[in-house]
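Derivation of every value follows stated rules applied to the coordinates shown; laboratory data play no part. Keep in mind that what you see is a predicted model, and the values were worked out from it rather than measured. Neighbour counts are summed over all protein chains in view; Cβ atoms, including those assigned to glycine, are modelled from backbone coordinates with ideal geometry.
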Amino acid sequence: MFNQQNIRYFLIIGIILILNLLSSAYFKRFDLTKEKRYSLSEVSVNTMDSLRYPMTFQIYMEGEYPPNIGRFQDAIRSTLVEMQQYANGNLDFEFIDPKNNNELIQELTKRGMPPIPVTVKTSEMETENKKLFPYAYISYRGKEKYIDLVKGCVLPNGQLDFAGAEGDLEYKLVSPVRGLIKENAGNIAIVEGHGEIPIEMLGEWITGMQNTYNVFRYDMKKNAGNGIAPTVSEEDMKKIGKDIPENLKYRSGIDVLIIAQPQKPFSEREKYEIDQYLMRGGSIFFILGQEIVDMDMFEKRSTLTQLRELNLDDLFLKYGFKINYNLIQDLSCEKTEVFTESSGGGSFQSLPWIFYPMVYQFPNSPISRNTDQVLLRYASSIDTIPQKGVTKQVFLTSSPDSRTVDGQQFIDLNTYLQEKPPVQLFKNKGNKITGVMIEGMFTSLFAGREAPVDSASPNPPSAIFGERSALPGHIGVISDGNFPMGKIFRGKRGYIPYDNKTILMNAVDYLAGDDALTKIRAKEVKIRMLDREKVTNNTFLIRIINLLLPVSLVALFGIVRMWLRKKRNSAFLR
């Protein structure tokens with residue numbers, strides 16, 4: 001016969017079995033951290049839930065590493081496990097050690113992902129040199145993507161900040177997934193007709209955008225008088241809460257209009273078409289400086305700068321910003337190759353060039369997050385002007401030790417290299433704005449004016465005039481026309497320098513309306529580190545506690561259990 005004790009045992013076993021069955025059918029993690037560190041954001045959950053085909057991750061970090069790297073490994077694994085729970089069985093991952101795979105090492109190195117040497121402490125007296133590959137590979141339906149998991153996490157001393165990399169993991173793992181599964185690519189138009197940077201010279205950036213978007217040329221001279229149509233979705237219509245107005249009857253148009261370093265002025269009619277594109281909820285990315293600096297230090301030793309007249313200043317002022325006619329000089333600067341003649345025939349030297357600001361610190365913006373450093377070359381400063389209904393978000397500035405020189409400048413290489421300006425001229429005059437995102441409800445420059453006509457566009461516009469934004473518009477500005485261009489080394493142009501491409505890609509994603517990526521980037525995870533000084537001063541005490549506390553707790557539990565049993569037995573005997 002069953003007594004009460006047996007019934008109790010069977011009941012406990014039954015409850016455990018039911019809980020196991022429920023836990024296998026339903027997944028729920030209780031995250032008690034303040035910033036929800038161990039939980040995926042809603043955007044990431046929705047992204048993984050939208051997977052309809054198998055996706056595979058390969059993480060090249062298998063092996064034993066120091067505790068800080070081991071913690072990073074665990075964070076990658078737990079994040080992927082969390083992603084897996086929402087992927088409907090379509091996500092697999094594996095950790096791989098590439099140390100004996102020369103072909104894989106060469107492929108990673110070719111992609112700018114070389115092995116990183118690390119020292120592993122094997123005992124109190126011995127260490128071992130190992131190679132770390134903090135990279136990942138994703139494959140999905142014939143498409144592939146390589147990821148640098150520590151990008152943007154290099155400390156000023158050159159060491160990797162694994163705690164910071166852990167905080168950025170969700171964005172770095174989910175962002176490429178969104179790019180790979182995206183079905184309907186947006187449309188990016190590269191404006192031509194005013195001497196802009198040829199699309200062929202933007203090849204590296206164009207290739208990056210083509211992974212997610214349709215990229216094409218848009219010659220405003222050949223399309224004179226034609227309205228520029230933005231993409232307007234049903235979601236856009238819901239924002240204004242009414243039926244589609246006549247002037248917004250567009251579906252698949254241009255998501256981002258890129259204007260990169262024009263050389264010739266825009267006509268009033270062209271400005272009108274750009275203005276009306278913005279009024280219809282369009283996004284524009286201006287990349288330009290206000291001074292022409294014709295100086296290749298491989299050939300020329302001096303130049304007189306020229307002011308760049310583009311007939312856009314009134315448009316910029318109306319929208320709430322101004323690109324100044326000046327050049328930024330920065331003590332935090334890149335070196336440049338200079339040919340120096342000597343009795344032996346001459347040689348090249350790498351010398352600091354204050355017109356090439358190097359940016360290491362960035363404002364708190366999703367556009368510049370996960371960025372190591374970027375290079376500016378002959379950049380101008382930007383002023384922002386308050387406008388009702390318009391917000392500004394700065395994402396790029398020069399260093400605190402920078403200044404501006406206004407107007408035309410005679411730049412002589414020898415003078416600047418031999419007679420450097422006094423340091424005190426730069427102190428506390430910096431943080432000049434060089435990148436800003438402006439968004440909101442704009443007022444048209446042409447409000448209260450007749451629509452312009454000219455010989456190229458003799459007929460008035462057929463589209464209804466929008467005096468004010470019908471949908472929120474977006475403007476991205478970088479005040480350096482060389483920003484998307486490769487570096488010049490001994491007269492030849494190479495790749496886009498440093499992390500300039502990351503800034504460009506982030507800005508395009510933002511302008512194209514991928515708010516999802518912006519929300520993931522905005523998630524901040526604080527890694528609460530131990531106080532190194534306290535740990536060092538109390539090492540012996542910490543070791544004693546770690547050794548004795550678990551044993552003491554087990555012994556205490558045994559004593560309490562024995563006492564309770566003895567008490568119960570004595571009561572039974574009575």
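Quick note on the stretch 35-180: its Rg to Rh ratio, both from C-alpha atoms and Rh being the Kirkwood radius, is 0.97.
In loop segments of the stretch 325-429 as defined by DSSP, the GluC sites (Glu not before Pro) with at most 10 further C-beta atoms inside 10 Å of their C-beta are E341, E419. On the basis of the beta-carbon distance and an R0 of 22 Å, V423 and K335 show a calculated FRET efficiency of 0.80.
Beyond a 28 Å Cα-Cα separation, which of these cross-linked pairs lie in this structure: K151/K335; K335/K432; K300/K429; K99/K172; K322/K388?
Beyond 28 Å: K300/K429.
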